[in-house]
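Trainee: Pasting a structure here, questions to come.
The values are calculated or read from the model by the stated rules, or taken from the named source; none is laboratory data. Nothing here was measured: the structure is a model prediction, and the numbers come from that model. Here the Cβ positions follow ideal geometry from the backbone for every residue, glycine too, while neighbour counts run over all protein chains shown. Side chains included, ligands, DNA and RNA excluded: accessible areas come from the protein's heavy atoms. Shrake-Rupley method; radii C 1.70, N 1.55, O 1.52, S 1.80 Å.
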Amino acid sequence: MAELAALEDPKTRAVNERHGDDHGVNLGKLRAVAKRLKTQQELSRRLWETDDTAARLLAILICRPKAFERAELDAMLREARRPKVQDWLVNYVVKKSPHAEELRLAWAADPDPVVASAGWALTTERVAKNPEGLDLAGLLDAIEAEMKDAPDRLQWAMNHCLAQIGIDHAEHRARAIAIGERLEVLKDYPTPPGCTSPFAPVWISEMVRRQQDETVA
């Protein structure tokens, strides 16, 4: 904890706080600490228990994802209210867990929009990598009905799922684009030069274009 405190930088904290994250540790330096520590499951659990954001990010980097029970991951997700902690927990731990599918189903139906956003993030992963058995038309129905008025983090996760369906599944592409155009979610999101807009119709069209260019090349 003393080492993490020494890495605290006010400028980094100011940037992170604009995104809802309350820590000031450069993530490259945090990863260097994790690389030195290697996998240490017990230390990871102790770091998580501190409730400190930088410590929890480090805990995620040095944990053994398959060592967590389902109930433990559920409790951790519900405690992980900071965007970066939730993002890393879902992507670096839950996605590698044998409990990922059970948690996906449970979280996506949860009344807490932050928890539900994690369920949608796991659904997006399945859309991209393991879509067999998913009701893609049903997912589009839910997105069409709920995304427009969803809280920010849940809306972002549903929008990502919408775009992924459009990018990866040509038979649903026209409908995904039409839903995005009608709902206009993230249409005016400020996008830096050289980056792809998160507005689903633009995102889908750009990624499909790149895939086609790669195929031609």
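Trainee: Which whole-Hz ³J(HN,Hα) couplings does the range 164-179 yield from phi under the Karplus relation 6.51 cos²θ - 1.76 cosθ + 1.60, θ = phi - 60°, glycine and proline marked x?
Mentor: 5, 4, x, 6, 8, 10, 4, 5, 10, 5, 4, 5, 4, 5, 5, 4
Trainee: Which residues' amide hydrogens lie under 5 Å from the amide hydrogen of residue 25, considering only partners 5 or more residues apart or on another chain, with H built in the peptide plane?
Mentor: For residue 25, whose amide H was placed from the backbone, the distant partners under 5 Å are 9.
Trainee: Quick one: 3J(HN,Hα) in Hz for the range 36-45, Karplus 6.51/-1.76/1.60 with θ = phi - 60°, rounded, Gly and Pro as x.
Mentor: Rounded to whole hertz, the list is 5, 6, 6, 6, 9, 5, 5, 4, 4, 4.
Trainee: Please give the solvent-accessible surface of residue 46 in Å², to the nearest 10, using a probe radius of 1.4 Å with every protein chain present.
Mentor: Answer for residue 46: close to 150 Å² accessible.
Trainee: Mind checking the per residue accessible area of the chain for me, 1.4 Å probe, whole number of Å²?
Mentor: Value returned for the chain: 54 Å² of accessible area per residue.
Trainee: Residue-wise, which Karplus ³J(HN,Hα) couplings in Hz belong to the range 191-197, taking 6.51 cos²θ - 1.76 cosθ + 1.60, θ = phi - 60°, and x for glycine or proline?
Mentor: Using θ = phi - 60°, the values come out as 10, x, x, x, 9, 8, 4 Hz.
Trainee: May I pose another question? How large is the accessible surface of residue 49 in square angstrom, using a 1.4 angstrom probe and rounding to the nearest 10?
Mentor: 140 Å²
Trainee: DSSP loop (so not H, G, I, E, B), at most 16 other Cβ within 10 Å: list which GluC sites (Glu not before Pro) in the range 62-118 pass both filters.
Mentor: Details: sites: 69, 72, 79, 101, 102; in loops: 69.
Sites meeting the loop and neighbour criteria: 69.
Trainee: Please compute the contact order of the range 130-180 in relative form: average sequence separation of alpha-carbon pairs under 8 Å and at least six residues apart, divided by the residue count, as a percent.
Mentor: Values: 28 pairs, mean separation 15.1, N = 51.
Taking the mean separation of contacting Cα pairs over the length of the range 130-180, I get 30 percent.
Trainee: What does the charge count around residue 182 come to, taking other residues whose C-beta lies under 13 Å from its C-beta (Lys +1, Arg +1, Asp -1, Glu -1)?
Mentor: Value of the local net charge: 0.
Trainee: Another question, then. On the protein heavy atoms, probe 1.4 angstrom, tell me the percent of accessible surface of the chain carried by carbon and sulfur.
Mentor: Its accessible area is 52 percent carbon and sulfur atoms.
Trainee: A follow-up question, please. Computed from these coordinates, which is semi-axes √(5λ) of the Cα gyration tensor in Å: (1) 28, 20, 17; (2) 26, 19, 18; (3) 32, 20, 17?
Mentor: The listed entry that was calculated here is (3).
Trainee: Report the calculated FRET efficiency for residue 148 and residue 209 (r = Cβ-Cβ distance, R0 = 30 Å), to the nearest 0.05.
Mentor: Working from the Cβ atoms, E equals 0.65.
Trainee: Below 11 angstrom from the Cβ of residue 120, what's the summed charge of the other residues (Lys, Arg +1; Asp, Glu -1)?
Mentor: It works out to a net charge of 0.
Trainee: Calculate the FRET efficiency for residue 197 and residue 102 from the Cβ-Cβ distance with a Förster distance of 30 Å, rounded to the nearest 0.05.
Mentor: 0.30
Trainee: Grab the Cα-Cα distance for residue 17 and residue 188, subtract it from 0.36 nm times how many residues apart they are, and report the gain in nm with one decimal.
Mentor: Between residue 17 and residue 188, full extension yields an extra 59.4 nm.
Trainee: Taking a point 7 angstrom from the Cα of residue 8 along the C-beta vector, which residues in the range 73-104 have backbone N less than 20 Å away?
Mentor: 81-85
Trainee: Between residue 51 and residue 173, what length in nm is gained on full extension when 0.36 nm per residue of separation is reduced by their alpha carbon distance?
Mentor: 39.7 nm
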